[in-house]
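Read through the structure below, which is laid out as structure tokens, and then see the notes.
The values are calculated or read from the model by the stated rules, or taken from the named source; none is laboratory data. Only a predicted model underlies this, so the values are computations on that prediction, with no experimental measurement involved. Because the Cβ atoms are built from the backbone with ideal geometry, glycine has one as well, and the counts that use them run over all protein chains shown. Calculation scope for accessible area: heavy atoms of the full protein, side chains included, ligands and nucleic acids excluded. Shrake-Rupley method; radii C 1.70, N 1.55, O 1.52, S 1.80 Å.
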Amino acid sequence: MSTGAHYGQLERHLHELRSRSDDVRLGAARGIRSVVAQEARELPSDIFAKLIGALSRHIFELAHAHDAHDRQSGVLIIEAIIDIETDNDAAKLSRFATCLHRLLEYSTDAITITMSTRALGRLARLGGSVTADFVE
């Protein structure tokens with residue numbers, strides 16, 4: 001997924017998100033945040049944009065999964081990296097809002113709905129006027 005120096009760490013954390021243990025999944029989300037934040041500082045902006053794009057596709061796949069834990073993992077990734085600045089924050093926030101809306105629309109489990117609502121609220125606070133249309 002990543003072209004940066006921390007590819008192995010990121011892949012390990014993404015794999016750990018599949019765990020049924022909340023503690024392991026939360027630790028994996030923190031690890032993903034750490035790796036992405038470090039890559040944001042170290043990678044050229046065009047390569048970092050590709051990393052965010054690949055991660056966004058992974059989030060989209062998780063949001064469309066049948067398994068509730070996978071959907072929740074997508075929300076955990078969004079929450080972990082939502083405030084890491086990119087060259088195109090508007091597009092990133094738009095993609096995240098789309099995933100969260102999809103989860104709110106189609107999820108039936110209370111945990112996923114609660115997590116998605118919390119993440120959407122955080123996105124609204126961070127995105128300001130960029131996210132006004134998505135939050136409605």
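Quantify, in whole percent, the carbon and sulfur part of the accessible surface of the chain (1.4 Å probe; protein heavy atoms only).
Details: 3760 of 7120 Å².
C and S fraction of accessible area: 53 percent.
Given a 1.4 Å probe, how much area per residue of region 19-59 is accessible, in Å²? Write down the numbers at each step before the final one.
On the way: 2130 Å² over 41 residues.
On a per-residue basis, region 19-59 sits at 52 Å².
Please report, in debye to the nearest 20, how large the charge dipole of region 4-136 is about its Cα centre when each Lys and Arg carries +1 at its beta carbon and each Asp and Glu carries -1 there.
On the way: 16 positive and 19 negative charges, 34 e Å.
Approximately 160 debye in magnitude.
I'd like the GluC sites (Glu not before Pro) in region 30-91 restricted to DSSP loop residues with at most 10 other Cβ atoms within 10 Å, sorted by number.
When the GluC sites (Glu not before Pro) of region 30-91 are filtered for loop state and at most 10 Cβ neighbours within 10 Å, E85 remain.
Students sometimes get this wrong: rank V36, V24 by accessible area, probe 1.4 Å, all chains present, largest first.
So the residues, ranked largest to smallest area, are V24, V36.
For the full complex of protein chains and a 1.4 angstrom probe, list S56, S21 by accessible area with the highest value first.
Most to least solvent-accessible, the answer reads S21, S56.
Nearest 500 deg cm²/dmol is fine: what mean residue ellipticity at 222 nm does the chain get from its DSSP H runs of n ≥ 4 alone, each adding -39,500 (n - 2.57), divided by its residue count?
That calculation yields -25000 deg cm²/dmol at 222 nm.
Going by accessible area, probe 1.4 Å, with all protein chains left in place, what is the ranking of T114, T108, largest first?
Result of the area sort, largest leading: T108, T114.
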